[in-house]
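Everything below concerns the one structure shown next.
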Amino acid sequence: MLNIRDFTAQDLAIIHAANEANLPHVNSLNVAQFTELANKTAYFKVATLDGEIAGFLMAMTPKADYASDNYQWFSHEYEDFIYVDRIITLDHARGHGVGSALYQDIESYCRNHQISRICCEVNIKPVNEVSIAFHEKRGYKQVSTQATEGGKKSVSLRVKTL
C-alpha cells in the first residue's frame, strides 16, 4: 500500500542516501547541508510503499532563504508559487506510482493553501528524459531554460498553473 506522510528525522539516513544515489539529477549534499535544506522547506513529504520509504518530495514557497539559481529564477518571476526542489523515487519503488502520488499530494497542498502554481526544473544537460516525460504528462510547461553549475548543467524551468 502506498502512503504519503510528513518527513521525520528518523527518515534522514535513507532520504539522504537516495539523494546521493540520484546524481546528477539532483545536486550532492552532505548530511548537514541536506538537514539545512530540509529546514527551509514548506513541504517535505515521504512516500512509503508497504511501510518502506519509497520516495520523497521537498518544496519551498516564496521568501525562503535559499540560494539555488533555479529557485531564485522563479522567485524573480512569480510571487505566488511553490518550488519543487527535488523529487526522488527509490529504485525498489519505481513503477509503483510514487512520483504521481507525491505530485497529487503537493497539488492538494497547493489548493488548500491557495498557491496557484507549482514550479520545478528538469535537467536538459545532462538530459533526464524520464523526468521530462513525467512532467509533460502532468501538465508542466517549459517557461524558460537556464545554465547552472558554471555551464555543466542546463535545466528546463517548468510551471503548472492550478
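The values are calculated or read from the model by the stated rules, or taken from the named source; none is laboratory data. Values in this document were obtained by computation on a predicted structure and should not be read as measured data. Backbone-built Cβ (ideal geometry, glycine too); neighbour counts: all protein chains shown.
Listed by first and then second residue, the pairs linking a residue in segment 1-23 that is assigned to a loop (DSSP other than H, G, I, E, B) to a residue that is of a type in the set (K, R), with Cβ atoms under 8 Å apart and 6 or more places separating them unless they lie on different chains, are F7/K45.
Report yes if some residue within segment 130-147 is in contact with an Asp or Glu (Cβ under 9 Å, 6 or more places away or on another chain), within 28 Å of T35 (Cβ to Cβ) and at pLDDT 95 or above; otherwise report no. Yes, some residue in segment 130-147 is in contact with an Asp or Glu (Cβ under 9 Å, 6 or more places away or on another chain), within 28 Å of T35 (Cβ to Cβ) and at pLDDT 95 or above. Flag not set for V155, criterion: at pLDDT 95 or above and in contact with a Gly (Cβ under 9 Å, 6 or more places away or on another chain).
Would you check if there is a residue in segment 98-106 being assigned to a strand (DSSP E or B), buried (at least 21 other Cβ atoms within 10 Å of the Cβ) and touching a helix residue (DSSP H, G or I) at 6+ places or on another chain (Cβ under 7 Å)? Give the derivation first.
Initially, segment 98-106 is screened for residues assigned to a strand (DSSP E or B), giving none.
No, every residue in segment 98-106 fails to be assigned to a strand (DSSP E or B), buried (at least 21 other Cβ atoms within 10 Å of the Cβ) and touching a helix residue (DSSP H, G or I) at 6+ places or on another chain (Cβ under 7 Å).
Select from segment 113-156 the residues that are assigned to a helix (DSSP H, G or I) and out of contact with any strand residue (DSSP E or B) (no Cβ under 9 Å at 6 or more places or on another chain) and list them in ascending order. Passing the criteria: E129, V130, A133, K137, E149, G150. The listed residues are T48, T35, and the only one of them that is part of a strand (DSSP E or B), hydroxyl-bearing (S, T, Y), surrounded by fewer than 19 Cβ atoms within 10 Å (Cβ to Cβ) and without any contact (Cβ under 8 Å) to a residue 60 or more places away in the chain turns out to be T48. Test R94 against the stated conditions and say whether it is among the charged types (D, E, K, R), surrounded by fewer than 16 Cβ atoms within 10 Å (Cβ to Cβ) and over 18 Å from T161 (Cα atoms). When the stated conditions are applied, R94 passes them. Of all residues in segment 80-99, those that are of a type in the set (A, V, I, L, M) have Cβ atoms under 6 Å from Cβ atoms of residues that are part of a loop (DSSP other than H, G, I, E, B), 6 or more apart or on another chain, in I82/T61; I82/I115; I88/N22. Inspect all residues belonging to segment 68-78 and state whether any of them is among the hydrophobic types (A, V, I, L, M, F, W, C), closer than 20 Å to L157 by Cβ, surrounded by 19 or more Cβ atoms within 10 Å (Cβ to Cβ) and touching a residue at least 40 places away in the same chain (Cβ under 8 Å). Yes. Taking segment 75-97, which residues are more than 14 Å from the chain's Cα centre (by Cα) and on the phi < 0 side of the Ramachandran plot? If the condition is that a residue be more than 14 Å from the chain's Cα centre (by Cα) and on the phi < 0 side of the Ramachandran plot, then S75, H76, E77, Y78, E79, D80, D91, H92, A93, R94, H96 are the ones that fit.
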